[in-house]
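Read the structure below first, then the notes.
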Amino acid sequence: MAFESLSEKLQNVFKNLRGKGRLSEADVKSAMKEVKMALLQADVNFKVVKKFVKDVEARAVGEEVLNSLTPGQTVIKIVNEELINMMGSETTEIALKPGNQITVLLMAGLQGAGKTTTAAKIAGKLKAKGRKPLLVACDVYRPAAIKQLQVNGEKQGVPVFTMGDQNKPLDIAKAALEHAEKNGLNVVIIDTAGRLHIDEAMMEELISIKENIEIDQTILVVDAMTGQDAVNVASSFNDKVGLDGIIVTKLDGDTRGGSVLSIRAVTGKPVLYVGMGEKLSDLEQFYPDRMASRILGMGDVLSLIEKVQSTTDEQKAREMEQKFRKAEFDFNDFLDQFSQIRQMGSLSDIIGMIPGLAGKVKDTDMPDDKQIRRIESIIYSMTPQERSNPDLLNVSRKRRIAAGAGVDISEVNRLVKQFDQSRKMMKQMSGMMGKKGRRGMGGLFGGKGGGFGLPF
Ligand SMILES: Nc1nc2c(ncn2[C@@H]2O[C@H](COP(=O)(O)OP(=O)(O)O)[C@@H](O)[C@H]2O)c(=O)[nH]1
Ligand SMILES: [Mg+2]
């Protein structure tokens, strides 16, 4: 799969960012320098990279990020969003006319880019959607090309219109339209000839077809393995012939893949699909957001960041952090933490979403949801005074609480002991960390990351 090396490099940059409690402007700048290098090495167009880095930096050195509790995460979120922007934000479908009206698609591109294969792939997708496609063989310069389309059409169960290699592409296309009308077919896909390089004759042929037939969508097919050339080819075709969408093929290879990232930014035309293999089923809809997650290797992490952002109140987290530093927290704060975690899902789900942590935290290290509920019921059985002043808890109070919560007194004892221990530990840690302590994810994850409050 393309992007492996890019993905690896970006993830390294992010690992460093995440490890920092606070970010300075210099931290952001040096991280972005590495991101820039990684994108250039992945063959992303340099102008696109330049703008990307500028946009990310402008957002990332803002007050909001540098003062955020989770600055590393916030920078990653910005990189993700700008990456999606770069690829065009939205998924674009091939626009089809409603009902039985005929939609005409013109496939264009250099020789070997994958036009014939992709035409058949699209035909199969449209057929599966209930459309009635017709493939049209307009590459008359190589008899093998007609045969190739026929073979692929047959595999897809889609009719192929050909008039051999003795007619002009424009005349074949006109006749194919009539054929489609007569036979109730409603998507006409015109496969054309390519050259090894962009040349006038190829452009003229396409222009003449466009001038004489009502083409609904001109779709350019480019080969990802040609790197920046793919972007240049797209620019020329767009300037001379006019494009509606682009399909990038051969992303399954070990190509650096940068063209698929920059082609939209350079041409302004959306990527519709990506080719992921030689088989006729290997065509994937292009989702900028999924592509970004794939490159950042962190689909799950991003949804986790969103969860944390939507469920924690920063102000509250700050207050908690203060309490933590002074070891002033009480059982009410415990309850707050539990309810925040509950809003995010179960604890094991959350752990599972953190790469690197998933396999490492043993189940026995974590209280399960049932245990958390028991701890909560013990705390709920305390009076408000007891919750805010745990030192009040003597034996008779503990006995009353145990009875109220329906647990054995030993469980209450254990909780109080754990609570005292965490308070002690936090006092020590906060002394060790000094004023610029490391911050956990909004303070939610206890222990070493710099969180607080949970007895584990
Ligand atoms: N691995 C891979 N090969 C592809 C893909 N798309 C096309 N090909 C291959 O690329 C070669 C050229 O494709 P073809 O459709 O004949 O290109 P055309 O000259 O533009 O019509 C063929 O061997 C295809 O099987 C793809 O997405 N992945
Ligand atoms: Mg072909």
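When each of the peptides 78-86, 112-120 is scored by how many other beta carbons lie within 10 Å of its residues on average, the order from highest to lowest is 112-120, 78-86.
Remark: spin-label model distance Lys370-Lys29 equals 5.6 nm, labels positioned 7 Å along the Cα→Cβ axis. Distance between the C-alpha centres of segment 369-383 and segment 138-159: 70 Å, rounded to the whole angstrom. When the solvent-accessible area of segment 103-295 is split by element, carbon and sulfur atoms take up 46 percent of it, the probe being 1.4 Å. Database remark: amide H of Leu283 closer than 5 angstrom to the amide H of Met276 (H placed geometrically; neighbours at sequence offset of 5 or more, or on other chains; Pro and chain starts carry no H). If you roll a 1.4 Å probe over the heavy atoms of the protein chains, what accessible area per residue do you get for segment 4-86, in Å²? Per residue, segment 4-86 has an accessible area of 49 Å². The H on the amide N of Asp223, modeled in the peptide plane, is under 5 Å from the matching H of Thr249, each at least 5 residues off or on a different chain.
Sequence-ordered 3J(HN,Hα) estimates for segment 6-11 from the Karplus curve with 6.51, -1.76 and 1.60 and θ = phi - 60° stand at 4, 4, 4, 5, 5, 5 Hz, glycine and proline given as x.
Pairs over the 28 Å Cα-Cα cut-off, from the set Lys15/Lys417; Lys97/Lys174; Lys50/Lys125; Lys9/Lys50: Lys15/Lys417; Lys50/Lys125.
At full extension, Arg399 and Glu178 could sit 70.6 nm farther apart than now, given 0.36 nm per residue minus the alpha carbon distance.
For segment 258-274, the Karplus equation 6.51 cos²θ - 1.76 cosθ + 1.60, evaluated at θ = phi - 60°, returns couplings of x, 4, 5, 7, 9, 5, 5, 5, 7, 9, x, 9, x, 7, 8, 9, 10 Hz by residue, with Gly and Pro reported as x.
With a simple spin-label model that places each label point 7 Å from the Cα along the Cα-to-Cβ direction, the separation between Val151 and Asn232 comes to 3.2 nm. Distance from the Cα centroid of segment 237-279 to that of segment 25-61 is 22 Å (rounded to whole angstrom). Overall, the accessible surface of segment 4-86 at a probe of 1.4 angstrom is composed of carbon and sulfur to the extent of 50 percent. Subtracting the Cα-Cα distance of Asn16 and Arg290 from their residue separation scaled by 0.36 nm leaves 96.3 nm.
Think of a 1.4 Å ball rolled over the protein heavy atoms: segment 103-295 then has 40 Å² of accessible area per residue. In this structure the amide hydrogen of Asp252, modeled in the peptide plane, comes within under 5 Å of the amide hydrogens of Gly277, none closer than 5 places in sequence on its chain. The mean sequence separation of alpha-carbon pairs under 8 Å and at least six residues apart, normalised by the residue count of segment 7-71, gives a relative contact order of 44 percent.
Taking Phe14, Phe46 and ordering them by how much accessible surface each has at a 1.4 Å probe, largest first, produces Phe46, Phe14.
The values are calculated or read from the model by the stated rules, or taken from the named source; none is laboratory data. Just so it is clear, the structure is predicted and the values come from calculations on it, not from any experiment. Don't worry about glycine lacking a Cβ; one is built from the backbone with ideal geometry, like all the others, and counts go over all protein chains shown. Heads up: the accessible areas ignore ligands, DNA and RNA and are worked out on the full protein's heavy atoms, side chains in. Shrake-Rupley method; radii C 1.70, N 1.55, O 1.52, S 1.80 Å.
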